[in-house]
Amino acid sequence: MRQNILHPLEPVFDSRSRVLVLGTMPSPKSREQGFYYAHPRNRFWTVLPALLGEPIPKSVSDRKALVLRRHIALWDVLKSCTITGAADSSIKDPVPNDLRPILSAAPIRAVFTTGGKAHTLYRRLCMPLCGVEDIPLPSTSPANCAMSEADLKEAYSILLNYL
């Protein structure tokens, strides 16, 4: 079912954040749970802690504490869009988030986009506003079943260069 979604989640960052990781738009499960990458088969919360030598966080508060402790900011490229379920390929009428408040409040060294659609939308809608190029990463979504967890860890290891 196609829905017009207004992004319901606040960005996660503080004045020590060094990298900004952007998805496209929170999935229905993430909107329901009130935090990023909440689908139980999304591998973000296994890949990131493995890279950082951290235990897998179980709760929203543990996830938020992990990213802040490790100087990672989280948000999404879009402020609103029309979408069917969690299918990025169905996105219509995209409106970008304004990333400038994060970029001016924190010493962000790199912006990463997770998934092809986030990368495409960032380049088209956000980069002209903020002037910062992104580094594309593969999606950790269960829809990206072509990539193994080991491949995702290798791809995401570039984050370590900026922390």
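The values are calculated or read from the model by the stated rules, or taken from the named source; none is laboratory data. Note that this is a predicted model, so its numbers are computed, not measured. Virtual Cβ from ideal backbone geometry, glycine too; neighbours counted across all protein chains shown. Accessible surface is based on the protein model in full, side chains and every heavy atom, while ligands, DNA and RNA are left aside. Shrake-Rupley method; radii C 1.70, N 1.55, O 1.52, S 1.80 Å.
Some values worked out for this structure:
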{"read-out": "GNM top mover of D134, D151, D76 - the chain, alpha-carbon springs below 10 Å", "value": "D151"}
{"read-out": "Mean separation of Cα contacts under 8 Å (6+ apart) over length of the chain, as relative contact order %", "value": "32 percent"}
{"read-out": "Student exercise, the chain dipole from Lys, Arg, Asp, Glu Cβ charges, in Debye to nearest 20", "value": "140 debye"}
{"read-out": "Segment 68-128 shape via C-alpha gyration tensor axes, a/c threshold 1.5", "value": "prolate"}
{"read-out": "Entry for Rg/Rh (Cα atoms, Kirkwood Rh) (calculated from the structure that is shown) out of [x] 1.12; [y] 0.95; [z] 0.92", "value": "[z]"}
{"read-out": "Residues whose placed amide H lies under 5 Å from that of I135, excluding near-sequence neighbours", "value": "V111, F112, T113"}
{"read-out": "Inter-part distance where segment 52-68 and segment 111-143 are each reduced to a Cα centre, Å", "value": "23 Å"}
{"read-out": "Integer Hz, Karplus 6.51/-1.76/1.60 couplings in order for segment 11-20, x for Gly and Pro", "value": "x, 10, 6, 8, 6, 9, 4, 10, 10, 10"}
{"read-out": "Coil-residue trypsin sites (Lys or Arg not before Pro) of segment 80-163, DSSP, other Cβ within 10 Å capped at 14", "value": "R109"}
{"read-out": "Under the Karplus curve 6.51 cos²θ - 1.76 cosθ + 1.60, θ = phi - 60°, whole-Hz ³J(HN,Hα) for segment 137-142, x wherever Gly or Pro sits", "value": "10, x, 5, 8, 4, x"}
{"read-out": "In Hz, Karplus ³J(HN,Hα) per residue of segment 81-97 (6.51, -1.76, 1.60; θ = phi - 60°; x = Gly, Pro)", "value": "5, 9, 8, 9, x, 10, 7, 4, 5, 8, 4, 10, 6, x, 10, x, 6"}
{"read-out": "Anisotropy class of segment 105-157 from Cα gyration tensor, a/c 1.5 cut", "value": "oblate"}
{"read-out": "Segment 102-163, accessible surface, carbon-and-sulfur percent (1.4 angstrom probe)", "value": "54 percent"}
{"read-out": "Charge sum, other residues only, whose C-beta stays under 15 Å from I108's C-beta, Lys/Arg counted +1 and Asp/Glu -1", "value": "+1"}
{"read-out": "Amide H partners (placed H, <5 Å) of Y37, local residues excluded", "value": "S27"}
{"read-out": "For S80, distant residues with modelled amide H under 5 Å away", "value": "H7, V95"}
{"read-out": "Qualifying trypsin sites (Lys or Arg not before Pro) for segment 1-72 [loop in DSSP, other Cβ within 10 Å: at most 11]", "value": "R41, K58"}
{"read-out": "For V12, net neighbour charge (Lys/Arg +1, Asp/Glu -1) across residues whose Cβ lies under 14 Å away", "value": "+2"}
